[in-house]
Amino acid sequence: MKILNKEKYILVISSNIVWLFGLMNGVASKAKGAAFYPFIFLSKDRYDEEWIMNHELIHFAQQKELLFIGLWILNLFEFLYLFIVKNYNMHDAYIMRASEQEAYRNQNNLYYLSQRKRFSIFKYLKDKKHFKHGNPGEIIFAT
């Protein structure tokens, strides 16, 4: 494990911790990073990829806007709705949450955070898009 104190966050490079966060979300084998303010956790084999850091920094913005606990409550209720009512499997319920939709759909735009409007997460509550992962960092939207 490696810990780096950055200007706006503390970066923890640990594949095991990322795996544990992924396990809590039902995506343990696919997890590459996690944001838990003020920490960003990244797998040691992927920590230098800008799109992953951008994805996690988008989650940071969401956590700060919703005072951290608000994002957890929103994520929980949205996950339960998608999993129980909409009958999505765990992985699909996870990536269809508004917080993940915003992060995945903007992770490759490295200027997104400087252009992002406050509370942008709420526009993704209804605007859901199915997608799959391509090459590292690539998102392929269903047509």
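Per-structure values
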read-out	value
Estimated distance in nm for a label pair at Lys123 and Asp45, the labels positioned 7 Å out from Cα along Cα-to-Cβ	3.6 nm
Relative contact order (%) - the range 24-66, alpha-carbon pairs under 8 angstrom, separation at least six	35 percent
Lys pairs, the range 4-126 - Cα-Cα below 25 angstrom, 8 or more residues apart or on other chains	18
P(r), alpha carbons of the range 84-143 - 10 Å bins starting at zero, rounded %	20, 52, 24, 3
Residue-wise HN-Hα coupling along the range 97-107, computed from phi with Karplus coefficients 6.51, -1.76, 1.60 (Hz; x: Gly, Pro)	5, 4, 5, 6, 4, 4, 5, 5, 6, 10, 5
Potential lengthening between Phe68 and Leu4 on full extension [0.36 nm per residue; Cα-Cα distance subtracted]	20.8 nm
Alpha carbon convex hull of the chain, projected area averaged over orientations, nm²	8.5 nm²
Loop trypsin sites (Lys or Arg not before Pro), the range 1-35, which have at most 13 other Cβ atoms in a 10 Å radius of their Cβ (DSSP)	Lys6, Lys8
The chain, relative contact order [Cα under 8 Å, separation at least 6], %	17 percent
DSSP-defined antiparallel bridges as percent of all bridges, the range 3-59, nearest 5	65 percent
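Coordinate-derived values only; no laboratory data. Because the structure is predicted, anything quoted here is derived from the model rather than measured. Note that each Cβ is placed from the backbone with ideal geometry, even for glycine, and that neighbours are counted across all protein chains shown.
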